[in-house]
Amino acid sequence: MKSYFYCFNDNTDLLINLQKNSLVSSLSEAEQLAKKGHQVVVYEEWPKPGGLLYYGIPNFKLDKDLVEAKITEMKEIGIKFICNTRVGRDVQVDDLLDENDAVFLGIGVPVGHRIKLPGEDLEGIYQATEFLVRGNLPDGDLPDNLKGLPEIGENVVVIGGGDTSIDCVRTARRLQVQNGISNGSVVLYYRGTEKEMRARELDVKHAKEEGVHIELLASPVRFIGDKDGKVSQVEMQRMMSKPSHQPEQRTPHHLRIPIEGSNFLVNADTVVLAIGYMGDQLIPSKTPELETTKPGIFKVKSEQTGVATMGGVFAAGDDVRGADLVVTATAAGRKAASAMDAYLRDLPEKSAKS
């Protein structure tokens, strides 16, 4: 029986069927390999198993009981979960290969982009992942550095235009209500048009129904703090839309032009930055044999197999392509799972590790 290691740190490439307790791609790959006779160990950076499903999807979109039930099923067929362990920090890929026959990197793109504007480090400004996990999960499920609800005031500003930004505004609205702020303001500012937003249209509709306002063609210039170093305002500027001869599209148009003299100030007790994610450079920095195409994005011989540049290591989905559609990542993950199964079966029995 070959052993199979699964690196499952932060955001992983998973497709969620919200109508059934169906977990597809990363977790189901581990399940499929276990059912084929491979010993599977999943390393999880968070205190509980589940990765993106448990920590990245708000409660109002995915019942956590479904995730926990699936994890229980996986444990019952022999899959082992090791939590509170970050690969590259607490354990290295080389060490895992010494103990196992193969390693799959299912880390995703967990590092939030910095906006690189004055005042970004003021108190009350959150990266999306921190805001979502603290706003949706009890302290017992969180690491020590993320315990406690985020501070929520009457005026919440979220910057972004993708699914994560919509999750943030809907979470903010719920936190306001929980704190007795029934008439609070939650505004999403996006530099493009609504058709260019990458968020699901249904989620955008729900956000509006819940009282969220979406301000389009507006981008931040700087964050302004009070005397105590806490954010109090955001300076915004209006942006010009794309030239009229270009058709409306779902792909953001990066050549935005600020409108001169259009700057304006908005009050903000809380600001959430949801402007996308990038790869984590920790593992490549500790394992130079793993080549990358850009920071934190692993090079593979073929996306059909996910074979990385270090023997016995596989990667797929966002780990290879960068932030992309969930369905694209899912398809790539399934191909890598098949390739790993074939690789493990071709190994001589005498090399199998117990």
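The values are calculated or read from the model by the stated rules, or taken from the named source; none is laboratory data. Remember, it's a predicted structure, so these values are computed and weren't measured experimentally. As a convention, Cβ positions derive from the backbone with ideal geometry for all residues, glycine included, and neighbour counts pool all protein chains shown. The area values use the complete protein model at the heavy-atom level, side chains included, leaving out ligands, DNA and RNA. Shrake-Rupley method; radii C 1.70, N 1.55, O 1.52, S 1.80 Å.
Only one residue in Glu120, Glu76, Glu68 is under 30 Å from Glu235 (Cβ atoms), of a type in the set (Asp, Glu) and modelled with pLDDT of 90 or more, so which one is that?
Values: Glu76 fails: under 30 Å from Glu235 (Cβ atoms); Glu68 fails: under 30 Å from Glu235 (Cβ atoms).
Within the list Glu120, Glu76, Glu68, the selection yields Glu120.
Among the residues of region 294-327, those that are free of Cβ contacts under 8 Å to residues at least 24 places away in the same chain, more than 15 Å from the chain's Cα centre (by Cα) and either farther than 25 Å from Leu344 by Cβ or open to solvent by 70 Å² or more (accessible area, probe 1.4 Å) (or both) comprise Pro295, Lys299, Lys301.
In region 48-100, which residues are within 16 Å of Leu142 (Cβ to Cβ) and either among the aromatic types (Phe, Trp, Tyr) or part of a loop (DSSP other than H, G, I, E, B) (or both)? Within region 48-100, Lys48, Pro49, Gly50, Tyr54, Tyr55, Ile57, Pro58, Asn59, Cys83, Asn84, Thr85, Arg86 meet the criteria. It is to be established whether one or more residues within region 89-108 are at pLDDT 85 or above, under 30 Å from Val158 (Cα atoms) and open to solvent by 30 Å² or more (accessible area, probe 1.4 Å). Checked against the condition, which is being at pLDDT 85 or above, under 30 Å from Val158 (Cα atoms) and open to solvent by 30 Å² or more (accessible area, probe 1.4 Å), region 89-108 yields no hits at all.
Per the listing Leu188, Leu202, the residue uniquely under 24 Å from Asp324 (Cβ atoms), open to solvent by 60 Å² or more (accessible area, probe 1.4 Å), among the hydrophobic types (A, V, I, L, M, F, W, C) and under 25 Å from the mean Cα position of the chain (by Cα) is Leu202.
Applying the criterion of being open to solvent by 20 Å² or more (accessible area, probe 1.4 Å) and in contact with a Lys or Arg (Cβ under 8 Å, 6 or more places away or on another chain) to the residues of region 76-88, the residue that is farthest from Ile224 (Cα to Cα) is Ile77. Does Asp163 meet the test of being within 19 Å of the chain's Cα centre (by Cα) and modelled with pLDDT of 95 or more? Spelling it out, it is not the case that Asp163 is within 19 Å of the chain's Cα centre (by Cα) and modelled with pLDDT of 95 or more. Picking from residues in region 143-170 that are more than 18 Å from Val231 (Cβ to Cβ), in contact (Cβ under 8 Å) with a residue 12 or more places away in the chain and not small (Gly, Ala, Ser), the one that is most open to solvent (accessible area, probe 1.4 Å) is Lys147.
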